[in-house]
Amino acid sequence: MDSRTPVPLLPMMANHQKQNMRDHLLAVQEIVLGLATDDFAAIEKAASRIGFSDREAAMCNHMGAGAPAFIEQALAFHHQADRIGEAARARDRAKVATELGATLQTCTSCHATWKQQIVDEATWTRLTGGAPPMMDHGAMMKPGAMMKPGAMPGMDHGAMDHGAMKHDPPTP
């Protein structure tokens, strides 16, 4: 039996979260390839995709609305990932590897703790105390909001490079 704690998500949110996880894996792959070739600029660029930002914070808060402890762990991941970029800027190969290991530990800990629970809108509203979001081409909006970028600050995922999730691995 799966004893992990559920994170209630609407189907569109669960799919979006999985897309983000796949992009996180691509960023880790790019970091490893950068380590293999001492390409610190590539490491820093890849690390910035998984590091902390206001957009990531808003997304973590939104995705974890029904499981507040998830938010804390998700934000810790993004802050930990920032340390990879800091080590790359310092051109410290050993520190990049150490911080990548620590970041991957936050990944495995989170995945060992949490599981997606797909819920309907009524359940989402009951568990989060908020109205379910609506989605249009990746931009999450409040019901009734005008469909325009920035209607929900930090949640305009239309600007996200979803193409990065479909590309071939970078060549070393």
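The values are calculated or read from the model by the stated rules, or taken from the named source; none is laboratory data. Bear in mind that the values here come from a model prediction, so they are computed numbers and not experimental data. Reconstructed Cβ throughout: ideal geometry from the backbone, glycine too, with neighbour counts over all protein chains shown.
Points to keep in mind about this one:
- Which listed residue is crowded, with 17+ Cβ neighbours inside 10 Å and under 16 Å from the mean Cα position of the chain (by Cα), from 116, 19: 116
- Candidates 47, 57, filtered to the one that is in contact with a His (Cβ under 8 Å, 6 or more places away or on another chain) and part of a helix (DSSP H, G or I): 57
- Residues satisfying the stated conditions in region 91-123, i.e. under 28 Å from residue 38 (Cα atoms), of a type in the set (Val, Ile, Thr) and in contact (Cβ under 8 Å) with a residue 40 or more places away in the chain: 96, 103
- For the residues 85, 64, the requirement of being touching a helix residue (DSSP H, G or I) at 6+ places or on another chain (Cβ under 8 Å) and under 30 Å from residue 11 (Cα atoms) singles out 64.
- Filter result (in a loop (DSSP other than H, G, I, E, B), modelled with pLDDT of 50 or more and more than 14 Å from residue 63 (Cα to Cα)) within region 118-149: 120
- If you go through region 1-17 and keep only what is in contact (Cβ under 8 Å) with a residue 24 or more places away in the chain and part of a helix (DSSP H, G or I), you end up with 11, 12, 13, 14, 16, 17.
- Hey, residue 88 part of a helix (DSSP H, G or I), modelled with pLDDT of 80 or more and buried (at least 18 other Cβ atoms within 10 Å of the Cβ) or not: yes
- Flag for residue 107 being in contact with a helix residue (DSSP H, G or I) (Cβ under 8 Å, 6 or more places away or on another chain), assigned to a helix (DSSP H, G or I) and within 24 Å of residue 1 (Cα to Cα): yes
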